[in-house]
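Working notes, beginning with the structure itself.
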Amino acid sequence: MTTPSNTEAPVPFGWCHWHKGPSGTAVLVQIIEQNSGPGVGLYACAPCREQRRLVTYSEQTHEAAYRDYLLHTTDCEGCSRIGRCEVGRRLRDIYQKALDGAE
């Protein structure tokens, strides 16, 4: 009988859309939006990301800018539904520019 102290954690399974095979290191690198229905996420393993210079989705400029904007507006008393403080406006502009560049 095995106990939790002597069992190994299962290896996470993923799929790499670049080499079209299983991978334990696959992470989201691209989202394909669709007009109807859910979007599609594309995943790449570590070797494929390195070979093709792919950036994980969470590290892409528009995602980082959006995260900064959300964190600021969540805690800022000057930001509300009606308007944004100066920092909130600048963060939103940075996010918008990054989003325009990502398309």
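With every protein chain present, what is the per residue accessible area of the chain (1.4 Å probe, Å²)?
On a per-residue basis, 78 Å².
Just checking my list [x] -0.40, -0.75, -1.09; [y] -0.44, -0.72, -1.12; [z] -0.21, -0.51, -1.17 against log10 I(q)/I(0) by the Debye sum over Cα atoms at q = 0.09, 0.14, 0.22 Å⁻¹ computed from this structure; which label fits?
Calculated log10 I(q)/I(0) by the Debye sum over Cα atoms at q = 0.09, 0.14, 0.22 Å⁻¹: the matching label is [x].
R0 = 35 Å: FRET efficiency of residue 31 with residue 77, Cβ-based, nearest 0.05?
Here the calculated transfer efficiency is 0.60.
Might you list the cysteines of the chain that have no disulfide-compatible partner by the rule of another cysteine's Cβ under 4.7 Å?
48, 85
Using the beta-carbon distance between residue 86 and residue 56 and R0 = 41 Å, what value does 1/(1 + (r/R0)^6) give for FRET efficiency, to the nearest 0.05?
0.85
The values are calculated or read from the model by the stated rules, or taken from the named source; none is laboratory data. Everything numeric in this text was worked out from a predicted model, so none of it was measured. Backbone-built Cβ (ideal geometry, glycine too); neighbour counts: all protein chains shown. Each accessible area value is taken on the protein alone, full model and side chains, heavy atoms only, with ligands, DNA and RNA left out. Shrake-Rupley method; radii C 1.70, N 1.55, O 1.52, S 1.80 Å.
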